[in-house]
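Where a number appears in this text, it was derived from the coordinates with a stated rule and is not lab data. Please read these numbers as outputs of a predicted model, since none were measured by experiment. Here Cβ is always computed from backbone atoms with ideal geometry, including for glycine, and neighbour counts include all displayed protein chains.
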Amino acid sequence: MLSRETEEMICNIFSELINHEAQIDIQKKNFDKIPPIYHELLFKALEEEKYTYISSFKILGFLKNHSINCTDNEIKAIIKLYDIDKDNHLNYKEFLCLILSNRKKIENYNLTYSDNNNSISNLPYEIDYEFCKILEMQLSLIRNLEKLLVDLNKRKDFSIYDLFNELKEEDKDEISFIKLSNFMKRNIKKSNNEELRVLFKKLDVNRDGSINLDDIFLEIIFLILKLIQMMI
């Protein structure tokens with residue numbers, strides 16, 4: 001059973017997600033205004049040869065070319081935030097979720113390869129810059145989560161399963177908005193419904209209206225906890 005102090009630490013992690021989502025949504029709106037052809041060109045410049053997806057290796061190389069230091073594990077954690085089909089890569093739709101804020105717009109996109117040989121060199125500098133900013137913000141989130149999870153991992157009463165059982169519906173193996181909302185409000189009194197909806201949507205990546213034990217955020221916690229244990 002989770003203690004009150006442990007619950008508060010978990011809520012601080014959820015609050016970090018809420019704050020991050022609000023900040024990165026502003027940054028992503030810059031990409032919303034960019035013509036779709038540039039989204040496609042950026043994806044094509046990063047995708048694996050002969051495959052229509054982006055790997056952590058490609059993103060890591062992109063960032064290093066722009067003098068941004070990070071690790072492959074950090075990039076893998078970012079990918080997991082958007083990897084809906086859980087193949088450890090980003091397909092085009094998942095990539096659009098990474099860079100765009102408008103989900104309705106994303107649903108209308110199709111990746112169609114043209115015959116021209118456009119590459120990253122054809123992209124305006126602003127495209128590179130905006131993509132770097134988004135990735136830097138995602139790196140900041142992963143690093144902040146890691147710091148918060150280091151302390152949470154020291155708690156004897158914490159386990160991912162206890163957290164899930166605390167938040168899930170009694171007769172279902174899924175977390176509902178009401179249970180998550182009540183959990184936050186009893187620990188962080190200033191939580192409002194608008195912020196809680198942002199949090200729920202962040203956790204419910206596939207937008208099916210529920211969060212189960214296999215959902216992406218819980219996998220992120222598992223991944224970061226594993227990295228912490230490797231460092232000890």
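Rank by packing, highest mean first: peptides 91-101, 50-60, with packing defined as the count of other Cβ atoms within 10 Å averaged across residues.
Going by the mean number of other Cβ atoms within 10 Å, highest first, we get 91-101, 50-60.
Working out 0.36 nm times the residue gap between N193 and K33, then minus their Cα-Cα distance, what length gain in nm do you get to one decimal?
Extra length from N193 to K33 when fully extended: 54.7 nm.
What fraction of the Cα pairs in the stretch 4-59, stated in percent, has a spacing above 20 angstrom?
Value for the stretch 4-59 (Cα pairs over 20 Å): 55 percent.
Under a crude label model (7 Å from the Cα following the beta-carbon direction), how far is K156 from E8 in nanometres?
1.9
Quick one: the Cα spread of the stretch 141-181 along its three principal axes, in angstroms, biggest first?
If we take the Cα atoms of the stretch 141-181, the spans are 34, 24, 14 Å.
Would you mind getting me the FRET efficiency between N165 and E21? Use the beta-carbon distance for r and R0 = 30 Å, nearest 0.05.
0.75
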